[in-house]
1. Rounded to whole Å and ordered largest first, report the semi-axes of the equivalent ellipsoid of segment 8-176 derived from its Cα gyration tensor (root of 5λ).
2. Which number do you get for Rg(Cα) / (2.2 N^0.38 Å) in the chain?
3. If you take the Cα atoms of segment 344-483, find Rg, then find the Kirkwood Rh from the mean of 1/r over all pairs, what is Rg/Rh?
4. Per 10 Å bin from zero, what fraction in whole % of the C-alpha pairs of segment 181-333 is there, up to the bin with the longest pair?
5. Roll a 1.4 angstrom probe over the protein heavy atoms and tell me the percent of accessible area of segment 340-483 that is carbon or sulfur.
6. Run lengths n ≥ 4 of DSSP H only: what is the helix-derived mean residue ellipticity at 222 nm for the chain, with -39500 (n - 2.57) per run over all residues, to the nearest 500?
7. Just to make sure I understand: if all protein chains stay in place, what is the order of M443, M286, M139 by accessible area at 1.4 Å, largest first?
8. Provide, as a two-decimal number, the C-alpha radius of gyration of segment 103-171 over 2.2 N^0.38 Å, N being how many residues it has.
Amino acid sequence: MLFEFDNSYARELEGFYVPMEGAKAPSPSMLSFNGKLAVELGLDAALLDSPEGARIFSGSEVPLGAHPLAMAYAGHQFGGFSPQLGDGRALLLGELIDTNGQRRDLHLKGSGRTPFSRGGDGKAVVGPVLREYLIGEAMHALGVPTTRALAAVATGEDVMREGPQPGAVLARIASSHLRVGTFQFFAARGETDKVKQLADYAIARHYPELASTSAPYLGLLRAVMAAQAKLIAKWMGLGFVHGVMNTDNMTISGETIDYGPCAFIDAHNPKAVFSSIDQFGRYAYMSQPAIANWNLARLAECLLGLINEDEDEALRIATNTLAEFMPTYEAEWLAVMRAKLGLSTSDTGDKALIEKLLSAMFTGRADFTQTFRSLATGGDARALFTAEPEGFDNWQAAYEKRLFSEPLSAQERSAKMVVGNPVYIPRNHLVEEALSAAAEGDMVPFRTLLNVLENPFKARTGYERYAAPAPADFGPYRTFCGT
Ligand code: AMP
Ligand code: MG
């Protein structure tokens, strides 16, 4: 048997999905297969990196033991509520228990129409599929909780977008696909029994230690808040802008999901927005913690009836609990940023010190990733400040003063900093270059970039261009929703 599925979602949550099979792809062929991840999942990589694997991961063939289904969910998109979204072009194929004993979803994105497709064609295109593959794998290597890419398969069929585009399916692995929006779907229909059933499932799957506590549902809210605070702090430490932090794109597990119009900042800009559809900058870099907080308030609303029978009391408890998010986030962010600067102790002035650097980077138009890497390796960070380098000088004087109270030697500090400040991130121009070549059938640039991104903290000779910012003629970067 190719897979040993154990499909708890299908088994335990009837009424939360529609059983559904994928569309038949005319000629599925493997674009990229993640052999290492396959092994981690306990799968036979050699057997699956094959024409049969391409049929399975395109959704054309249902493997033995799978229970393909489209999940129901709702969501706030750019602040407006859609009561019915759901897997409109995706299927949960089944769940696997990996070699660490962890339950993981095997999910297909781009596998055809479902009852949730509304006007959409249920398909995905090679470019965005490979983009999600690259950025997801890069995030994993950077130490960020994330869904993973197991395989990208070309379907051999054109999909109509602005013009005809080659179709593809992404086989994605996640610790689950439970989203804030999954809770919203049932809460909005007043189906409180189902909200409870879902909460119990989420607790059993992600936070089992809560099951035996006196307030498990409040505990669930707190646990998701903590996981999201940790996650967003990591994004912020890398200059990552998700781009579509809708409530249907926020997981209960705390993994990053749905790499659509996301991108990494180059020259630092707190207001960075890359998505062409985010006209008002709702999901700008600096806004991400506040948006996470807003999304968590939507989750809290779904759980109110489970938190306390008395409505006013439930509201009071939820409000007080949500007020813990920003302080929790800030503590996580401080930990991330202190580590980036090699600070092993805490000082009350650290927050101001970090903000001073970020503000000097903004006025100095310094490259986000290179600045921190340069500080880690003792390179010429000042040279990266192309405007008003005095801002950096002032900061550096304050930083050096702060280092007097540090127990680590400069060498020990640098050793810690180089493993926390990457050389390589999926830079927009490199991603675009790899995707353009792939669209022409040349997968070599994709493979090289993926290989570089899988080891982001170790500088390699001959790979200098992968560490450099975009050439000036690349222009301001805009991403389009991954459709
Ligand atoms: P996303 O922007 O990928 O997070 O998707 C938001 C919602 O739109 C989800 O319900 C998707 O299933 C749906 N959707 C996106 N693209 C398509 C498509 N091509 N066909 C059908 N549904 C889609
Ligand atoms: Mg989504």
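The values are calculated or read from the model by the stated rules, or taken from the named source; none is laboratory data. Every value quoted in this text rests on a predicted model; they were computed, and no experiment measured them. Here Cβ is always computed from backbone atoms with ideal geometry, including for glycine, and neighbour counts include all displayed protein chains. For the accessible areas, the whole protein counts, side chains as well, though only heavy atoms, and no ligand, DNA or RNA atoms are used. Shrake-Rupley method; radii C 1.70, N 1.55, O 1.52, S 1.80 Å.
1. On the way: eigenvalues 99, 81, 57 Å².
That gives 22, 20, 17 Å for the three semi-axes.
2. Working: Rg = 22.7 Å, N = 483, 2.2 N^0.38 = 23.0 Å.
The value comes to 0.99.
3. With Rg and the Kirkwood Rh in hand, the quotient comes to 1.03.
4. Going from the shortest bin to the longest, the percentages are 11, 39, 33, 15, 2, 0.
5. Values: 3960 of 7320 Å².
Carbon with sulfur: 54 percent of the solvent-accessible area.
6. Numbers: 17 runs with 202 residues, N = 483.
One gets -13000 deg cm²/dmol as the mean residue ellipticity at 222 nm.
7. Working: M443 20, M286 110, M139 0 Å².
Descending order: M286, M443, M139.
8. Numbers: Rg = 13.1 Å, N = 69, 2.2 N^0.38 = 11.0 Å.
In units of the 2.2 N^0.38 Å rule of thumb, it is 1.19.
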